[in-house]
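Working notes for the structure below.
The values are calculated or read from the model by the stated rules, or taken from the named source; none is laboratory data. Everything quoted here is computed from the prediction, not taken from an experiment. Counting neighbours? That spans all protein chains shown, and the Cβs are built from the backbone with ideal geometry, glycine included. The area values use the complete protein model at the heavy-atom level, side chains included, leaving out ligands, DNA and RNA. Shrake-Rupley method; radii C 1.70, N 1.55, O 1.52, S 1.80 Å.
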Amino acid sequence: MSAPAQPVAKKVPAPRTFHGDTVIDDYAWLADTSDDEVLDYLRAHNAFTDAATADHEPLREAIFGEIKAHTQETDMSVPQRRKDHWYYARTVEGKQYGIHCRAPIAGPEDWIPPVLSDEPLPGEQVLLDLNVEAEGHEYIAVGAASVSPDGALLAYSLDTSGDERFTLRIRNIDTGEALSDTVEGVFYGATWALDGRHLFYTTVDDAWRADTIWRHEIGSTADDVKVFHETDQRFGVGIGLTRSEKYLMIAASSTLSSETHVLDAADPTGEFRVLRPREEDVEYSVEHAVLGGEDRFLFLHNRAGINFELASASVDAPEEWTVLVPHRDDVRLEYVDAYARRLALGYRRGGLPRLALAAATLAPEFTEWDPGEELVNLGPGANPEWDAPRLRLAYESFVTPGTVLELDPATGEQTVLKRANVPGYEASLYAAERLWVAASDGARIPVSVVRRKDVGDGVAPTLLYGYGSYEATLDPWFSVARLSLMDRGVAFVVAHVRGGGEMGRAWYDHGKQLEKRNTFTDFVDVARHLVDTGRAEPRRLVAMGGSAGGLLVGAVANLAPELFSGIVADVPFVDPLTSILDPSLPLTVGEWDEWGNPLASAEVYRYMRDYSPYENVAAKPYPAILATTSLNDTRVLPTEPAKWVAKLLDHSTSGEQILLKTEMVAGHAGVSGRYAKWRETAFEYAWVLDRLGCA
């Protein structure tokens, strides 16, 4: 049988006019993914991609086998205590999904978690076995798994298509009986009231914005009660219970401002009250604490400066703030966690996350925790119990697998509870380092490099990864799959470009809206630095990014195609102007604070038009490109990479391979199931290794 031909998209000119500028979009017709012609086009691309990469199959199988060999397939998370039970998750060799479980504690003073083993704990109850729930479905994801305060009921929600719309159900844990309570089309999360009779959940509007909080009474046939509705389309909402279990809190937030409403958790049918009314350009989050025996609210806010300040206030006078940790230009406060006897403060300094602990007093004195490693990602672990005598902490790095330990604040003693077992892995063979690269405008860009030590400091095949949006950070993380790259000599490099949050709020501000181009030029500057300093060479340099990181590498493909031998764009946001011009699309209005509003501003329109990857595809020698997407993605619609690939195929002068791969039953995060995800990773990494000459 002959290999299938790469499909060529037909051109159907569709004019679009804004601010006096008319653009002809030849591929707008690909937006209708309910149309059989569009579906056939995507399937034809899949068939071509399969054929074009068929020779990678042995390498893909090798990588899949390596991931499998480096993974302890039958494993257990460190149990965490909640009231009368230890809660944990297990995986079993050969099964795609995790199993959520619990087992009874020995007694009220039992704070030391059980010894981990491959076997279920004595008295184990299975709360949710996703392998069972997945039967008959190609995809499954959990939106909530929440146990009622009395431990009797499980509220859980599942998505079986990838569109992130979940069905909420209630189950009696002891009997396994499914209650009649079912709610369709809910968003992530489910929060119990203390009475165990009322459950709060969130729904989204047509633009996929979480806009409404509802209260459901277990067993009631009455309509659920609308507790809170957000009318401002820039804001999304969520609800949660404080760790102290004293308050229910609704957070309404946009990119630039926020507002919190609170209710005594013992009065779930009462009225929420606002703690501090929203103000433009003022963000705050709230935590309940008991400081020096007094009930207080902790406010992490940016009224005093862009890098945030920590203040406390009486629960009866939340407008009267007392500063606990003042604003600093070189430290970005990110979160505060409160426990009965201590506080944990998360922040970043020098491009890296930090953690400090303090006793829960009215004037806490924070002491920074040192995990003993420089390039590390760290924070509080799972600490659901308000009055636990020990504090669980977690960290990982590019070379250290995920580690969970407990700290005894009274003695300072640290006990490692678990470090992820990676069979066959020898940490001493690998090294990570931090570089600083000068951007074209003088900014200092932090760059992380991890590789095998025996690769040396000379030219190496290199995978350059980036994101750079929403103030998201790419802090050090351990990856089993990445070993398959590094063991073949590849250097893995992360460019912490502007638009992310690595260097504080200003780093984010200088990579958004009318300064968004800094994100792309920073990435190019890092690539040029790697080449100019003899660490990499264009013929063996591949760029990779996903979602907004796909926008990054898509823009870079237009700016500097000569620097790369290949580009991987996962679920890429490559047609941002078209999407942000359409308020009816998911998330658009809420995104205007991130990108600017091209409907209202001709300046924003022109700026976005000039960097949009799709808008700026031109006749030039593009490197090889692999674009992936999912049919049910509600965050970045599959039409974006489909249109981009069609236009690239029409314009590229290099003759290099340009491929599109669509998962037909999946969402923004790709396929579900760990073995399926490993195969998805193996597919991409085999393609990368082929472009790097390491296949």
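So, in the range 391-406, how many residues would count as being aliphatic (A, V, I, L, M) and open to solvent by 20 Å² or more (accessible area, probe 1.4 Å)? It would help to see each step written out before you state the result.
Applying the first criterion (aliphatic (A, V, I, L, M)) to the range 391-406 yields 391, 393-394, 399, 404-405.
Now narrow it down to the ones that are open to solvent by 20 Å² or more (accessible area, probe 1.4 Å): 394, 399, 404.
Number of matching residues: 3.
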Any hit, the range 121-131, residues being modelled with pLDDT under 95 and at negative phi: yes
Boolean, Trp687 is over 15 Å from Gly554 (Cβ atoms), part of a helix (DSSP H, G or I) and open to solvent by 10 Å² or more (accessible area, probe 1.4 Å): no
Test: residue in the range 36-55 that is exposed (fewer than 14 other Cβ atoms within 10 Å of the Cβ) and among the polar types (S, T, N, Q): no
Index of the failed condition, Ala427 passing every other in (1) open to solvent by 10 Å² or more (accessible area, probe 1.4 Å); (2) within 17 Å of Val526 (Cβ to Cβ): (2)
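Of all strands (runs of 3 or more DSSP E) completely enclosed by the range 424-488, which ones contain at least 1 residues that are under 21 Å from Asp570 (Cβ atoms)?
Details: elements: 430-438, 444-452, 462-466.
Qualifying strands (runs of 3 or more DSSP E): 444-452, 462-466.
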Members of the range 317-354 found to be within 24 Å of Trp386 (Cα to Cα), touching a residue at least 60 places away in the same chain (Cβ under 8 Å) and in a loop (DSSP other than H, G, I, E, B), listed by number: Tyr339, Ala340, Arg341
Residues being farther than 18 Å from Asn616 by Cβ, more than 17 Å from the chain's Cα centre (by Cα) and surrounded by 22 or more Cβ atoms within 10 Å (Cβ to Cβ) - total across the range 638-675: 5
Answer residue from the range 12-31, given it is without any contact (Cβ under 8 Å) to a residue 40 or more places away in the chain and surrounded by 13 or more Cβ atoms within 10 Å (Cβ to Cβ) and is nearest to Gly655 (Cα to Cα) among those: Trp29
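Go through the range 254-277 and count every residue that is in a strand (DSSP E or B) and either β-branched (Val, Ile, Thr) or open to solvent by less than 60 Å² (accessible area, probe 1.4 Å) (or both). Steps first, please.
So in the range 254-277, the residues in a strand (DSSP E or B) come out as 258-264, 273-274.
With either β-branched (Val, Ile, Thr) or open to solvent by less than 60 Å² (accessible area, probe 1.4 Å) (or both) added as a condition, the list becomes 258-263, 274.
The number of residues fulfilling the criteria is 7.
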The range 141-162: number of residues that are surrounded by 20 or more Cβ atoms within 10 Å (Cβ to Cβ), in contact (Cβ under 8 Å) with a residue 60 or more places away in the chain and either touching a helix residue (DSSP H, G or I) at 6+ places or on another chain (Cβ under 8 Å) or under 15 Å from His100 (Cα atoms) (or both): 3
From Pro583, Pro572, residue being under 26 Å from Arg606 (Cα atoms), open to solvent by less than 10 Å² (accessible area, probe 1.4 Å) and in a loop (DSSP other than H, G, I, E, B): Pro572
